[in-house]
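What follows is calculated from the coordinates using simple rules that are stated; it is not laboratory data. No experiment lies behind these values; they were computed from the predicted model shown. Using ideal geometry, Cβ is built from the backbone for each residue, glycine included, and neighbour counts are taken over all protein chains shown.
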Amino acid sequence: MESKSDLSQIYCYGELLHTVQMAHLFADSKTFVDRKLKNTPAETIANFQTFMAAKNNSPTQDEIREFVENNFDDLGKEFVPWEPTDWVEHPAFIDNINDPDLKQWGVDLNAIWKDLGRKMIDDVHTNPHFYSIIPVDNPVIVPGGRFIEFYYWDSYWIIRGLLYSQMTHTARGMLENFMSIVRRFGFIPNGGRIYYAQRSQPPLLAAMIKSYVEFTKDTQFAVQSLEVLEHEFEYWMNNHTVQAKGYNVCAYGGISPGPRPESYREDIETSKAFVTDAEKEEHYAELKAAAESGMDFSSRWFINDKGEQTGDLTHLKTRSIVPVELNAILHWNAKIIAEFYRLAGNNSKAEEYENKAAKILEAIEAVHWNEEAGVWLDYDLINNKSRNYFVPTNLAPLWTMSYNLNDSEKISKSVLKYIEKLELDKYPGGVPNTLYRTGEQWDFPNVWPPMQYLLIKGLENLGTTESKELSVKWGHRWVKSNFQAYSETRAMFEKYDAERFGGHGGGGEYDVQKGFGWSNGVIIEFLDKYGRNITLPGNGGNDGGKLKMWSVIGITAFAVIAVVVGRLLI
Ligand SMILES: OC[C@H]1O[C@H](O[C@H]2O[C@H](CO)[C@@H](O)[C@H](O)[C@H]2O)[C@H](O)[C@@H](O)[C@@H]1O
């Protein structure tokens with residue numbers, strides 16, 4: 001029987017991983033750690049030792065490439081082609097779309113689910129020690145591009161998209177996978193590979209199950225999920241709690257030493273700014289904590305010597321920043337668990353979780369709410385101060401409803417003032433993730449679908465006339481801008497560009513990816529919600545930034561050609 005640690009010595013840490021990743025054989029460091037073994041882990045390690053001894057411990061790049069080709073299979077060997085069995089050609093959301101071009105786009109997006117489905121071959125279950133993939137029983141919908149396994153927080157928007165596409169069976173399968181993973185690992189890893197198994201991502205399983213139950217009315221499933229949800233909640237409380245202003249709050253933080261296996265060379269590069277091994281280890285831990293947040297990487301996690309957010313990756317202090325959305329999501333978790341306990345008829349447990357939710361809410365109000373800024377802010381544990389820098393997550397409590405609902409009017413006024421002051425409405429391609437341009441992918445000018453969703457849904461939840469108006473405005477703009485990008489490229493992107501209507505994002509350590517799970521999920525939900533009220537300029541609509549400009553140019557050009565042709569004919 002192969003031990004898990006043999007496999008970890010190949011895919012997670014150790015000489016073999018170091019030698020191969022530092023040889024820079026692949027444009028994307030993730031490629032190597034996704035390749036299947038040709039031999040058992042023990043044989044692979046023995047082959048590596050023999051290889052290194054034969055090369056006097058300094059093999060050339062070509063020799064390392066040959067070692068990899070001899071010992072590792074091609075990418076994607078763990079999957080069989082799979083078409084979701086519950087896929088339907090014409091889900092009901094399509095009928096909610098009036099504009100013919102948007103309707104066709106809805107049809108196209110629904111078809112993309114078939115490209116993003118992945119089912120594991122039986123060998124993954126019988127011989128898991130040949131693979132870095134985490135075995136799960138049911139097929140999954142993946143983000144796309146280089147991301148060929150499940151990702152934890154992406155799955156929230158993917159599953160909602162599946163539910164709107166009537167693919168409840170696929171959604172249920174993914175939820176059952178996550179439940180089995182919590183039973184095996186105690187929490188949900190960042191993604192479906194063993195090299196992700198030492199860190200998580202924003203804990204949205206409870207919210208995914210709540211979405212499923214709202215769609216299917218399967219309250220029994222809610223009750224069945226309680227043990228797992230409670231377990232995951234306690235995992236976060238027991239392993240991520242820090243103290244701020246005398247309150248227990250949670251922060252992101254990984255637990256494994258060394259660079260991220262999937263970005264090994266990149267992490268070694270940035271660690272060169274540090275002298276001692278201990279300092280380098282601290283840096284790796286900050287990188288992994290940022291990956292755990294889902295926002296890898298961003299100036300949101302920089303603290304420089306002045307206690308400010310300017311700098312670069314060497315200024316990452318993720319573990320010392322208390323993030324608004326993590327505490328808001330945990331508050332939401334406690335509320336959902338309480339609600340499910342009520343469904344189960346267990347009122348004392350429901351009360352226990354309502355009390356836990358109330359405690360988290362108290363901490364959110366004390367640590368994150370900032371009266372002067374008029375919004376919630378991350379908290380800097382090194383300098384004991386709020387971080388008054390824009391990130392969409394400053395509005396996360398609106399999405400999770402983590403505020404006193406009697407204060408809606410007051411909160412609405414102050415949040416809208418904040419939005420106006422920061423001119424967040426001025427960007428044609430959506431609200432950027434930060435206002436600071438660093439070249440990192442979670443910084444200006446990139447716009448991320450889950451964050452647009454958070455803002456749009458949050459403003460809608462707030463429920464005042466003004467907040468709902470802005471929510472609809474941003475919702476319509478997001479649909480139109482994504483459509484513009486799609487009509488120019490026939491692709492959906494993982495991130496977009498605030499500065500360009502219809503522009504896609506870039507920056508960071510890998511090329512912008514297409515597919516794309518959460519982007520499609522968000523748009524499908526928005527097409528269902530706004531589809532009756534959006535008409536594209538070319539089809540008689542009268543708004544839409546660049547689209548409008550292009551239609552004016554198109555109509556003018558057509559008129560000029562008609563006049564010229566008319567004259568020639570006379
Ligand atoms: O390989 C670099 C990083 O890639 C992932 O992060 C990005 O893609 C994920 C999938 O869409 C998404 O969940 C995350 O928010 C993105 O930043 C991965 O999650 C990271 O751990 C990894 O280091």
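Points worth noting:
- Calculated FRET value between A42 and E351, using beta carbons and R₀ = 60 Å, to 0.05: 0.70
- With the simple spin-label model, which puts each label point 7 Å out from Cα in the Cβ direction, the E466 to D122 separation comes to 6.4 nm.
- Here the range 1-75 yields Rg over Rh of 0.92, to two decimals, using C-alpha coordinates and the Kirkwood radius.
- Under 13 Å from K288, Cα to Cα: aspartates and glutamates that are on another chain or at least 8 residues apart: E262, E266, D267, D296
- Panel note: the C-alpha atoms of the range 389-537, placed on their principal axes, show extents of 45, 38, 24 Å (largest first).
- Converting phi to 3J(HN,Hα) with the Karplus coefficients 6.51, -1.76 and 1.60 and the offset θ = phi - 60°, the range 405-419 yields 4, 5, 9, 3, 4, 5, 5, 4, 4, 6, 5, 5, 5, 4, 4 Hz in sequence order, with x at every glycine or proline.
- Cα-Cα over 22 Å, subset of K417/K529; K30/K495; K335/K359; K468/K514; K210/K349: K417/K529; K468/K514
- Ratio of Rg to Rh over the chain (Cα coordinates, Kirkwood Rh, two decimals): 0.99
- Extension gain, A92 to T489: 0.36 nm times the residue separation minus the Cα-Cα distance gives 140.3 nm.
- Near-label residues of the range 260-291 by backbone N, under 19 Å of a point 7 Å along Cα→Cβ of H24: 260-274
- Sorted on the mean count of surrounding Cβ atoms within 10 Å across their residues, most packed first, peptides 387-397, 52-62 read 387-397, 52-62.
- The stretch between N248 and R342, if pulled fully straight at 0.36 nm per residue, gains 31.2 nm over its current Cα-Cα span.
- The range 266-337: C-alpha gyration tensor shape, a/c 1.5 cut-off, then a/b vs b/c: prolate
- Working note: 222 nm ellipticity from helices only, DSSP H runs with n ≥ 4, each -39,500 (n - 2.57), summed and divided by the residues of the chain, gives -16000 deg cm²/dmol to the nearest 500.
- Ordering of 347-355, 482-490 by packing is 482-490, 347-355, highest average first (other Cβ atoms within 10 Å, averaged per residue).
- Residue ranges 83-93, 191-201, 514-524 sort as 514-524, 191-201, 83-93 when ordered by packing (mean number of other C-beta atoms within 10 Å per residue, highest first).
- When you restrict to C-alpha pairs under 8 Å that are six or more residues apart and normalise by the size of the chain, the relative contact order lands at 14 percent.
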